[in-house]
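Notes to accompany the following structure.
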Amino acid sequence: MSEYEKPKVKSIERTADRFLGSDIFEAESRALPPRNGTGVHHEPGRDIPVYHRCEVLVVGGGPSGTAAAYAAARAGADVVLLERYNHLGGLSTGGLVIWIDRMTDWEGKQIIRGFAEDVLDRFPKEGVAGPERQHWGSRDPELAAHWGLRTAAFHGIVAWSPTIDPERLKLISQEMLLEAGVRLVFHSWAALPIVQDGRVAGVIFESKSGRQALMADVVVDATGDGDIFARAGAEFENDIEEGDVHHSMNTAFMLGGVDMKRWLNFRRYEPEAFAEFMKKGREALGFFQTPYVSWRNNIALFLGPRQSGLSALDVDDMTEVEIRSHRFMLRHCEFFKAHAPGFENTYMLQSAPQLGVRHTQRLKGVARIERGQWTAGVPFADEVGVSPSVSPKFPVISVPYGALVPKKLDGLLACGRHVSCDANSHGFLREIPQCWLTGQAAGAAAALAAKTGVQPRAVDIATLQKTLRAQGVFIREPAATPVRQTEPVVTSG
């Protein structure tokens, strides 16, 4: 191992609260030297041309932003989506997180629906891999063992959790939004929110066309990091255990020329040889990551190694992760080619152009999804969607509209991995299906707010729920005594 790479490996165990077990690590040295900037540079004031005015502006075209723009347009709003890359889908495309996590409850019923169904139903058969519908919820040991190796069975239960072709998702997402009438603005980075009298009225963005302004009645922050609401002065949280997998970063990559069926048979049917392989890998590399399946047998997906102790809000830390990750890709390719059954002819196919970020900042909202609510299973009065729970011992989890609404800031809604929740709940709310869920809710609500001339916090909940149900979202009727946003949460025993 080289001098610049001396990782300290930690292992995060799989539990009911931490459902994604993984090795994560820190390196003792960094590839980048310290920066030497000092002082300040004064930027003179200037007039900024207005690029466009709209009813709903969605900042960020990842899973939540795509769903938000689609929902807002379907609800009748004039929508603009601003995206810094050249495609939609965010981590599910540019980040190569092509494993779409569970959308079914523990009985096999699909509960994350709406946009999730609309987008996946457009895939051709060769673009998506996962269990047949009749197997969702199956507890058959053979089926669960088969799909467990293919990221579609958990706790011995088969789930709807497919892997997808990222290029198909880019194209399908783009066409869905264009058909809905959304104006797409690619290659543009939102730099600052425009705040007027405590209300976000648009954003200033940078592109090859220079600095311009986008004005909107309602802005949806779908940046994933809360860039807009944090810079606009909204309250937020960033507490999370640094050694937790949900805090770590990586650049995903894919290796081609593999035989995944052969690899999976080796892993399942030769446990002693597999254990020896893992030991050899950790000894040789210091860090190690086994592959996930993709939508094709000849492509292997690596969602790591996951690196802790670095911030996705620090440009030097982000650069450090990229440098390390590309080195990891080469070393993993070489090791697997030399030692792993099914990888004899493998080669480096693609590294993700988008950094794999799991956590930075979370909104402090009108409501908050917390670990203590997991055992209740009671719909919030303002429920806008339902998430699968992390374990069969918990019922499904109600997602309240208040978790998307800032405590004080007007003119803005938040969706995606930075919604209002505690660190434990963030572990599943950051997943792609949950981002689709909260994005669709934010988009529909933003459209209603713009159309009725009210602030997002004043949107009529019954009308919002009716709108979402019309778009195919699964929302339950309130309980006899529904949980309200302002009531104390139910604590677990």
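The values are calculated or read from the model by the stated rules, or taken from the named source; none is laboratory data. Computed from a predicted model, the values in this text were never measured in an experiment. Cβ atoms come from the backbone with ideal geometry, glycine included; neighbour counts cover every protein chain shown. What goes into the accessible areas is simple: the full protein's heavy atoms, side chains included, and nothing from ligands, DNA or RNA. Shrake-Rupley method; radii C 1.70, N 1.55, O 1.52, S 1.80 Å.
Quick notes on this structure:
- Every pair of residues 6+ apart whose Cβ atoms lie under 7 Å, when the first sits in region 304-333 and is under 23 Å from residue 293 (Cβ atoms) and of a type in the set (S, T, N, Q) while the second is at pLDDT 85 or above and assigned to a loop (DSSP other than H, G, I, E, B): 325/251
- Qualifying residue in region 117-135 (condition: open to solvent by less than 10 Å² (accessible area, probe 1.4 Å), out of contact with any Ser or Thr (no Cβ under 6 Å at 6 or more places or on another chain) and in a strand (DSSP E or B)): no
- Checking region 108-116 against the condition returns a match, with at least one residue being open to solvent by less than 60 Å² (accessible area, probe 1.4 Å) and in contact with a Gly (Cβ under 6 Å, 6 or more places away or on another chain).
- Positions within region 155-170 being part of a helix (DSSP H, G or I) and either open to solvent by 10 Å² or more (accessible area, probe 1.4 Å) or touching a Gly at 6+ places or on another chain (Cβ under 6 Å) (or both), in sequence order: 167, 168, 169, 170
- When 70, 51 are checked against the criterion of being within 25 Å of the chain's Cα centre (by Cα), of a type outside the set (Gly, Ala, Ser) and open to solvent by 10 Å² or more (accessible area, probe 1.4 Å), 70 stands alone in meeting it.
- Flag for residue 152 being in contact with a Pro (Cβ under 9 Å, 6 or more places away or on another chain), among the small types (Gly, Ala, Ser), surrounded by fewer than 23 Cβ atoms within 10 Å (Cβ to Cβ) and closer than 29 Å to residue 351 by Cβ: no
Results for (1) assigned to a helix (DSSP H, G or I); (2) closer than 25 Å to residue 113 by Cβ; (3) in contact with a Cys (Cβ under 7 Å, 6 or more places away or on another chain), shown as yes or no for each residue.
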{"residue": "56", "(1), (2), (3)": "no, yes, no"}
{"residue": "61", "(1), (2), (3)": "no, yes, no"}
{"residue": "71", "(1), (2), (3)": "yes, yes, no"}
{"residue": "85", "(1), (2), (3)": "no, no, no"}
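Listed here are the residues, each with its yes/no results for (1) of a type in the set (A, V, I, L, M); (2) at pLDDT below 95; (3) surrounded by fewer than 24 Cβ atoms within 10 Å (Cβ to Cβ); (4) closer than 22 Å to residue 60 by Cβ.
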{"site": "372", "(1), (2), (3), (4)": "no, yes, yes, no"}
{"site": "375", "(1), (2), (3), (4)": "no, yes, yes, no"}
{"site": "383", "(1), (2), (3), (4)": "no, no, no, no"}
{"site": "395", "(1), (2), (3), (4)": "no, no, yes, no"}
{"site": "403", "(1), (2), (3), (4)": "yes, no, no, yes"}
{"site": "411", "(1), (2), (3), (4)": "no, no, no, yes"}
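- For region 259-287, a tally of residues being in contact (Cβ under 8 Å) with a residue 60 or more places away in the chain, in a loop (DSSP other than H, G, I, E, B) and open to solvent by 10 Å² or more (accessible area, probe 1.4 Å) returns 2.
- When restricted to residues that are surrounded by 17 or more Cβ atoms within 10 Å (Cβ to Cβ) and of a type in the set (S, T, N, Q), region 171-217 contains 4.
- Residue list for region 451-468, restricted to those being closer than 22 Å to residue 176 by Cβ and open to solvent by less than 20 Å² (accessible area, probe 1.4 Å): 464, 468
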